[in-house]
Amino acid sequence: MGQAKPLHWDRSINAACFVHELGLRCARDCGQAGPKPRRTRCAIRLVPGPVPVMDAFGRKIDYLRISVTDRCNERCLYCRPRQYAGWNASGERLSNSDLLRIVRVATSLGFRKFRITGGEPLLRPDLVELIEQMAQIPGVECIGLSTNGVKLAPLAADLRKAGLRTVNISLDALDPALYRRITGGPLEPVLAGIQAAIEAGFERVKLNTVLMRHVNEQEIWPLIHFSAAHQLPLRLIELMPLTSRDVLTPENFLSVGEVMERIQQQDQLIPEPDARLGHGPARYYRLARSGALVGFIGAMTQQHFCDSCNKMRLTADGRLRPCLGHHDEISLVEALRQPDDELLCSLFRHALATKPREHEFRTCYQPGRPMTAIGG
């Protein structure tokens, strides 16, 4: 790709189209004029009874990411705004019984894979018990966890025994000072958590790194070598507009394509098209010299990123979110007060029917709730 061309960023335009600034193809001609209200609704008539777990575009949706809290013990630059307080005073909104009921309904509709997220899910004191009970529900094939790793070391063995199968750990830098700058927390307990996860014998442990130009781009090679030394897959993830527009600018955006070109200047990237390391959108490559397995997640620059989407999200306050990059949410709270599951099933089907074809990150998307509130 060579040296990146300088980009103009007009901060006087509150909703400047970031996609046009990067020279990428915008999903619509926004004219740099800010977001145009658009409500995507599929003309599908909901009918009673079992339905296949397919959305309106023929994608199999069998993966539910469940946020169990919006609280976090870190403040990552790209996830949790400094002014965000969450529900620190009132605790989690959904009880274990609520969450287990939702999982039972989801499995009855064909969902098979589940991931526990947050906030930081390990801050929930009854998490081990929740996972143990989830693992006993017929139809649950896999339970994973996404964590910053700070509290993982003392819990890893109990989580594995409870039925947790996979763990994704955020690791944005190996330099302690830089790690603290990005997350506001210490690096040492995260490294201890990674080691504990390896020793606990999880089926899969993956490392996640969010790419930020002028912030952690110098950490890419140290992270590749670290992942290779520990035989852990590393996923490099493009920054997305999920906290505020100030977080995502042309100055700090680093595409996976550019990173791949940088890596290829020192090593050979060998495609691993058959690598199925979970249920996400990463495209994996093996580095010929180091042996590292690196996945690339390019939500902003990969034009067909959503073609194989298989997931929905449940927020910590009980809302189904069919698409991360779409503001539509469907509250399950009232349905959880009903004695039977008919309304819950109906709302799940509605979420499936209204899941959009693609995210809106490339259409002047304006963040609403921050990532810590939506669920990672």
I'd like to check something: does region 136-146 contain any residue that is farther than 23 Å from Ile61 by Cα and either surrounded by fewer than 21 Cβ atoms within 10 Å (Cβ to Cβ) or in contact (Cβ under 8 Å) with a residue 40 or more places away in the chain (or both)? no
Residue check for His279: under 16 Å from the mean Cα position of the chain (by Cα) and either in a helix (DSSP H, G or I) or not basic (Lys, Arg) (or both): yes
Tell me which residues, restricted to region 186-215, are at positive phi and not small (Gly, Ala, Ser). His214
Here's a check for you: in region 158-191, which residue that is open to solvent by 20 Å² or more (accessible area, probe 1.4 Å) and within 19 Å of the chain's Cα centre (by Cα) is farthest from Trp221 (Cα to Cα)? Arg165
Residue that is surrounded by the fewest Cβ atoms within 10 Å (Cβ to Cβ), among those in region 192-218 that are within 13 Å of Leu232 (Cβ to Cβ) and among the basic types (Lys, Arg): Arg204
Residue within region 253-275 that is out of contact with any strand residue (DSSP E or B) (no Cβ under 8 Å at 6 or more places or on another chain) and under 20 Å from Ser170 (Cβ atoms) present: no
Among the residues of region 98-105, are any in a loop (DSSP other than H, G, I, E, B) and either open to solvent by 80 Å² or more (accessible area, probe 1.4 Å) or at pLDDT 50 or above (or both)? no
State all residues of region 144-157 that are closer than 24 Å to Trp221 by Cβ and either in a strand (DSSP E or B) or not polar (S, T, N, Q) (or both); if no residue qualifies, say none. Gly149
Complete set of residues in region 116-134 that are crowded, with 16+ Cβ neighbours inside 10 Å and without any contact (Cβ under 8 Å) to a residue 60 or more places away in the chain: Ile116, Glu120, Pro121, Leu122, Leu123, Arg124, Leu127, Val128, Ile131, Glu132, Gln133, Met134
Residue match in region 263-272 (condition: among the hydrophobic types (A, V, I, L, M, F, W, C), part of a strand (DSSP E or B), out of contact with any Pro (no Cβ under 9 Å at 6 or more places or on another chain) and open to solvent by 40 Å² or more (accessible area, probe 1.4 Å)): yes
Within region 234-242, is there a residue that is charged (D, E, K, R), part of a loop (DSSP other than H, G, I, E, B) and under 23 Å from Pro176 (Cβ atoms)? no
Scan (1) over 22 Å from Pro233 (Cα atoms); (2) touching a Pro at 6+ places or on another chain (Cβ under 8 Å) for the single condition Leu123 breaks and write down its number. (2)
Picking from Arg276, Arg262, the residue that is more than 27 Å from Glu203 (Cβ to Cβ) and basic (Lys, Arg) would be Arg262
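The values are calculated or read from the model by the stated rules, or taken from the named source; none is laboratory data. Note that this is a predicted model, so its numbers are computed, not measured. A quick note on method: Cβ atoms are made from the backbone with ideal geometry, for glycine too, and the neighbour counts reach across all protein chains shown. Just so you know, the surface numbers come from the protein's heavy atoms only, side chains and all, with ligands and any DNA or RNA stripped out. Shrake-Rupley method; radii C 1.70, N 1.55, O 1.52, S 1.80 Å.
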